[in-house]
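Values quoted throughout were computed directly from the atomic coordinates according to the rules given, and no laboratory measurement underlies them. This structure is a prediction, so every number in the text was calculated from the model and none was measured. Neighbour counts run over all protein chains shown; Cβ positions are idealised from the backbone, glycine included.
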Amino acid sequence: MEESDSVAVARAKAGDEDAYRVLVERHSRSVFRLAYRMTGNEQDSEDVVQETFLRAYKQLHRWEARSSFSTWLYRIAANYSLDLVRRRQRHGEVGMTENAGESETDLVRALPSAEPGPDRLLFSDRVQQRVAETLDALSRQERTAFVLRHFEGQSIEEIAAALGLSGNAAKHSIFRAVQKLRRALEPLVNVQP
Amino acid sequence: MNHLNEEQLVLYYYGEPAGDVEEHLAACEACRGAYHTLQRVLNSVDSLPVPERGADYEAQVWSTVERRLAPRRTFSLFSWKPMLAAAAMAAVVIAAFFVGRNGSPFQQKKPAAVATDSQVRERILMVAVGDHLERSQMVLAELANSRDPKHGSLDISYEQRAARDLVESNRLYRQTASNAGDEATANLLDELERVLLDIAHSPAEVSGDQLKDLRKEIEGRGILFKVKVFGSEVQHNESAPGAPSL
């Protein structure tokens, strides 16, 4: 019978290496998916996966059983992804913009609003490309809040806790992200072949 | 009838409390249309591909994580229990040292027997100090060999906790060595104590620059080298044929 995360964590805390292996193997794919959606970069995502499990191991004593282990793990991964993106921005690399939400030069506004009627495959590629561009144009806070809500199914309360925000601020980050996505994607999805 | 706003539709889409949205949607075609558009937009976000990982991805991740955890696990020997044991041992050794050294002045001893007791006491102290130096060396080596944090900061809370515990026993050994007139040992322990205090007072997570400062402190004093040399001498003396048995 498969043991729960809580049991595995308890064994890992007691020094059982095999228990930590179980946790790593159980969550590595989902941490990778989260990291990729946060960073949009494969190599960075691998980096996030490794660092997340190393940090989690060192901080296992801080985990409290009343919260889900995976939520706690995602929080570490999301924070590290943000660190990574911040670092990329400091070095002038392409990535999420710091204040895209408030910027007058919001990239999303600059996106073309109409598309010709391509075939479905090409259309799908364009949608994916537009989604990626729009996510890249979100602010860090908007992107993290949106990814945690949309892809990870976390509640607004959990997102607020993960990002150190009020519930209202977390909610509005999601609203702004959805608004930008809608503005960028609506012209596309409304002409869906 | 007031129409639903976008925020209510978003909350409803994600299953968050949003009021009587469902009833309204059943009755209002305009809002139903707006909601279907929102659904199409958000569903299209799911089309964003995530690169596939190989079948053995989990094993690969574990293999890398395990390799990087290896020194950390060795280091976990520095958990508070062994450290408390070390401090307790230090206290016992020191108590034994002083009881032996300052035993009743009225007690009559043969000169040869006094010399033997003194050698045994010194050896007890050296064995304990040797063990203490070995533990300290591991903390210093761990920090000196840490890779610069690639992004953000490095968690050194293990090292910090270990250093805090080592400071306590270091202080006892240093005082004992000083009282015994062993200036070389006392000086080394004095230098070691300063470095251990710096580590103990560092933040639990250090930036690349803070890590560099710590390394500079360790390297600048040459403390790691001195500790290694001293530890080797202790070991050598301990295994020497003439060493008194305990």
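Rank these for me by crowding, B:THR37, A:THR134, going from fewest to most other beta carbons within 10 Å. Present the calculation step by step, with values, prior to reporting the outcome.
Details: B:THR37 16, A:THR134 23.
Fewest to most other Cβ atoms nearby, the residues stand as B:THR37, A:THR134.
In terms of surrounding Cβ atoms within a 10 Å radius of their Cβ, B:LYS212, A:LYS180 rank from fewest to most as B:LYS212, A:LYS180. Note on A:ALA169 and B:ASN187: with the Förster distance fixed at 45 Å, the Cβ-Cβ geometry gives a FRET efficiency of about 0.20. Two numbers describe the Cα atoms of the range A:1-95: Rg and Dmax, which are 14.2, 50 Å.
Taking 60 Å as R0, compute the FRET efficiency from the Cβ-Cβ separation of A:GLN128 and B:GLN175 and round it to 0.05. Numbers along the way, then the final one.
Working: r = 69 Å, r/R0 = 1.15.
Efficiency for this residue pair is about 0.30.
With R₀ fixed at 22 Å, the C-beta to C-beta distance from A:SER155 to B:ASP46 puts the FRET efficiency at about 0.70. Other protein chain C-beta atoms within 10 Å of residue C-beta, averaged over B:53-64: 5. Taking other C-beta atoms within 10 Å as the exposure proxy, A:MET38, B:MET138, B:MET126 rank B:MET138, B:MET126, A:MET38 from fewest upward.
Please list the three semi-axes, largest first and in whole Å, of the ellipsoid equivalent to the range B:154-217, using sqrt of 5 times the eigenvalues of its alpha carbon gyration tensor.
Working: eigenvalues 143, 29, 6 Å².
After scaling each eigenvalue by five and taking roots: 27, 12, 5 Å.
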